[in-house]
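Asks: There's a structure below that I have some questions on.
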Amino acid sequence: MKEHHYKVNITWTGNRGEGTASYSSYDRNHTIVAGQKLVIPGSSDPAFKGDVTRYNPEELLVASLSSCHMLWYLHLCSVAGVVVVEYVDDAAGVMEETANGGGRFTEVTLFPVITVASEEMVEKADALHEKANELCFIANSCNFPVHHKPIYKIAEHV
């Protein structure tokens with residue numbers, strides 16, 4: 001079995017001078033960096049005293065699922081002769097808090113709007129979502145369902 005390894009640096013930048021002396025004494029801000037890539041500004045969800053202008057882990061999980069599915073889907077379409085000319089997904093996740101203060105995701109739904117080159121490609125394009133979900137590394141790592149509710153458009157000119 002072939003393994004792939006990933007390294008990411010997370011650095012907390014939210015010390016206002018007294019560290020975590022109290023729950024309100026620090027910011028949840030941090031940076032996320034992988035190698036020489038652009039820095040992703042992170043924080044917690046605003047419901048947990050996070051910065052609304054920064055990405056939170058929950059958003060990044062939903063984004064990872066959406067991105068992984070899209071990349072597999074585009075690959076499968078290219079192999080199957082389905083010409084996708086545009087793909088936009090407004091993915092949404094549901095997380096529930098538990099009594100002990102923790103929580104978990106209960107589901108994520110992908111809502112891709114996919115523009116294909118011709119009407120004849122829609123049926124095959126639709127069928128490829130199930131296979132993309134089966135192959136998605138991130139979806140295979142989750143213990144909650146990932147749903148797909150695609151909408152198809154036909155390109156005017158390709």
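The values are calculated or read from the model by the stated rules, or taken from the named source; none is laboratory data. Bear in mind the structure is a predicted one, so any value in this text is a computation, not a measurement. All Cβ positions, glycine included, derive from the backbone under ideal geometry; neighbour counts span all protein chains shown.
Asks: Any idea which of (1) touching a residue at least 12 places away in the same chain (Cβ under 8 Å); (2) of a type outside the set (Asp, Glu); (3) exposed (fewer than 15 other Cβ atoms within 10 Å of the Cβ) is the one residue 146 doesn't satisfy?
Replies: (3)
Asks: For residue 11, are the conditions met, namely being in contact with a strand residue (DSSP E or B) (Cβ under 6 Å, 6 or more places away or on another chain) and exposed (fewer than 14 other Cβ atoms within 10 Å of the Cβ)?
Replies: Yes; evaluated as a whole, the condition is true for this residue.
Asks: If you don't mind, there's one more thing I want to ask. Cβ-Cβ below 9 Å, separation at least six or inter-chain, first residue in region 1-13 and assigned to a loop (DSSP other than H, G, I, E, B), second of a type in the set (Asp, Glu): which pairs?
Replies: Close Cβ pairs (under 9 Å, with a partner that is of a type in the set (Asp, Glu)) amount to 13/27.
Asks: Next question. Name every residue in region 71-103 that is hydrophobic (A, V, I, L, M, F, W, C) and either touching a residue at least 60 places away in the same chain (Cβ under 8 Å) or in a strand (DSSP E or B) (or both), in order of residue number. Spell out the reasoning first.
Replies: Of region 71-103, the ones hydrophobic (A, V, I, L, M, F, W, C) are 71-72, 74, 76-77, 79-80, 82-85, 88, 91-92, 94-95, 99.
Scanning region 71-103 gives 72, 83, 84, 85, 88, 92, 94, 95.
Asks: Counting only residues that are assigned to a strand (DSSP E or B) and among the hydrophobic types (A, V, I, L, M, F, W, C), which one in region 105-120 is nearest to residue 149 (Cα to Cα)?
Replies: Step by step, filter region 105-120, then rank; the result is 110.
Asks: Would you mind finding the one in 63, 21 that is more than 30 Å from residue 123 (Cβ to Cβ), aliphatic (A, V, I, L, M) and either in a helix (DSSP H, G or I) or out of contact with any strand residue (DSSP E or B) (no Cβ under 9 Å at 6 or more places or on another chain) (or both)?
Replies: Numbers: 63 fails: more than 30 Å from residue 123 (Cβ to Cβ).
None of the other options fit; the residue is 21.
Asks: Filter region 34-60 down to residues that are of a type in the set (A, V, I, L, M) and not in a strand (DSSP E or B) and give me whichever is nearest to the chain's Cα centre (by Cα).
Replies: Ranking the qualifying residues of region 34-60, first place goes to 60.
Asks: Among (1) within 17 Å of the chain's Cα centre (by Cα); (2) hydroxyl-bearing (Ser, Thr, Tyr); (3) surrounded by 11 or more Cβ atoms within 10 Å (Cβ to Cβ), which single condition is residue 31 missing?
Replies: The single condition residue 31 does not satisfy is (1).
Asks: For the structure I just gave you, tell me whether residue 25 is surrounded by 13 or more Cβ atoms within 10 Å (Cβ to Cβ), hydroxyl-bearing (Ser, Thr, Tyr) and in contact (Cβ under 8 Å) with a residue 12 or more places away in the chain.
Replies: no
Asks: Which residue pairs have Cβ atoms closer than 6 Å, lie 6 or more positions apart in sequence or on different chains, and pair a first residue in region 41-63 that is hydrophobic (A, V, I, L, M, F, W, C) with a second residue that is surrounded by 14 or more Cβ atoms within 10 Å (Cβ to Cβ)?
Replies: What qualifies is 62/91; 62/93; 62/108.
Asks: Among the residues of region 106-158, which ones are among the β-branched types (Val, Ile, Thr) and modelled with pLDDT under 95?
Replies: 158
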